[in-house]
1. Residue under question is B:Met59, and the condition is that it be closer than 13 Å to B:Gln128 by Cα, in contact with a strand residue (DSSP E or B) (Cβ under 7 Å, 6 or more places away or on another chain) and surrounded by 16 or more Cβ atoms within 10 Å (Cβ to Cβ); does it hold?
2. Output the qualifying pairs, or none if there are none: Cβ atoms under 7 angstrom, residues six or more apart or on different chains, first residue in the range A:33-62 and under 25 Å from B:Met62 (Cα atoms), second residue of a type in the set (S, T, N, Q) and part of a helix (DSSP H, G or I).
3. Yes or no: B:Val67 more than 16 Å from B:Thr5 (Cβ to Cβ), of a type in the set (A, V, I, L, M) and within 14 Å of another protein chain (Cβ to nearest Cβ)?
4. Of the residues that sit in the range A:40-71 and are under 11 Å from the mean Cα position of the chain (by Cα) and among the charged types (D, E, K, R), which one is surrounded by the most Cβ atoms within 10 Å (Cβ to Cβ)?
5. Which condition does B:Val123 not pass, out of (1) within 8 Å of chain A (Cβ to nearest Cβ); (2) touching a strand residue (DSSP E or B) at 6+ places or on another chain (Cβ under 7 Å); (3) hydrophobic (A, V, I, L, M, F, W, C), if it passes all the others?
6. Could you say which residue among B:Arg85, B:Arg113 is more than 18 Å from B:Asp41 (Cβ to Cβ), within 13 Å of another protein chain (Cβ to nearest Cβ) and either modelled with pLDDT of 95 or more or touching a helix residue (DSSP H, G or I) at 6+ places or on another chain (Cβ under 6 Å) (or both)?
7. When the range B:64-81 is examined, which residues are found to be buried (at least 16 other Cβ atoms within 10 Å of the Cβ), in a helix (DSSP H, G or I) and either within 13 Å of the chain's Cα centre (by Cα) or aromatic (Phe, Trp, Tyr) (or both)?
8. So A:Thr75 ticks every box in (1) touching a strand residue (DSSP E or B) at 6+ places or on another chain (Cβ under 7 Å); (2) surrounded by fewer than 15 Cβ atoms within 10 Å (Cβ to Cβ) but one. Which box is left unticked?
Amino acid sequence: MSIKVRYFASLKEFTGREQDECPYQPEMTAQTIWDFVVPEKKIPLNTLVAINMQYENLEATVADGDEVAFFPPVTGG
Amino acid sequence: MINITENAFNPYQVLQQYQTEQTHLQAKQGAASIFIGTMRDFNDGVDVKGMTLEHYPEMTEMQLAAVVEEATEKWDLLDALVIHRVGDVYPDDSLVLVAVWTVHRGAAFDASRFIMEELKSRVPFWKQEILIDNSKRWVGKNTDGYQANKL
């Protein structure tokens, strides 16, 4: 299994892609996943994180098979 | 009902049809509060000729349903209707419709404000504007939510 990583809006432009697959390792967090899949760039300030579509912080741990999303502050309405 | 759509909609026609179909509201509703958000042709001092609304489909539906559920529990709503556009939109297009039906006016006002503020602060939509010179820019942060904006 692995972690599905998705990017939206300006984060999609920042990374140059819509998604990645990250091999699962125990005790992975959203931050370590970012560092693994986007090693060339630091995560932008104010980036929001969702794990399985629920808001979490960068230190939240991730389980095998989870979907992790990175995106900027939302601007709907 | 929640509807996220790529299609343009006329909020007044939608409301008239929806309310007619909601027979459970007849003689029970005492108040309805309606918010319609419309695209302007300017923002932050710049002319805007179009916009693309991106979203995170599965999470958008989940978060929006949670917001409406919270409002329903908090204010005992009789019904709620939320429609939000995604995709390419243009000035004067309706972007969002929030309508709630309640027994008394206070709950209607408060619940519609709550749904809008929470939508703007936590439901994953993003606006990218197309300016008059065809350049594009992402709209910055919206709002901190209902509590932060409560009068």
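1. no
2. The qualifying pairs are A:Leu58/A:Gln31; A:Glu59/A:Gln31.
3. Yes; evaluated as a whole, the condition is true for this residue.
4. Here the answer is A:Asp66.
5. The one condition B:Val123 does not meet is (2).
6. None of the other options fit; the residue is B:Arg113.
7. Selection gives B:Leu64, B:Val67, B:Val68, B:Trp75.
8. Status for A:Thr75: all satisfied but (2).
The values are calculated or read from the model by the stated rules, or taken from the named source; none is laboratory data. What you see is a predicted model; the values in this text were computed from it and never measured. For neighbour counting, all protein chains shown are included, and Cβ atoms are generated from backbone atoms with ideal geometry for every residue, glycine included.
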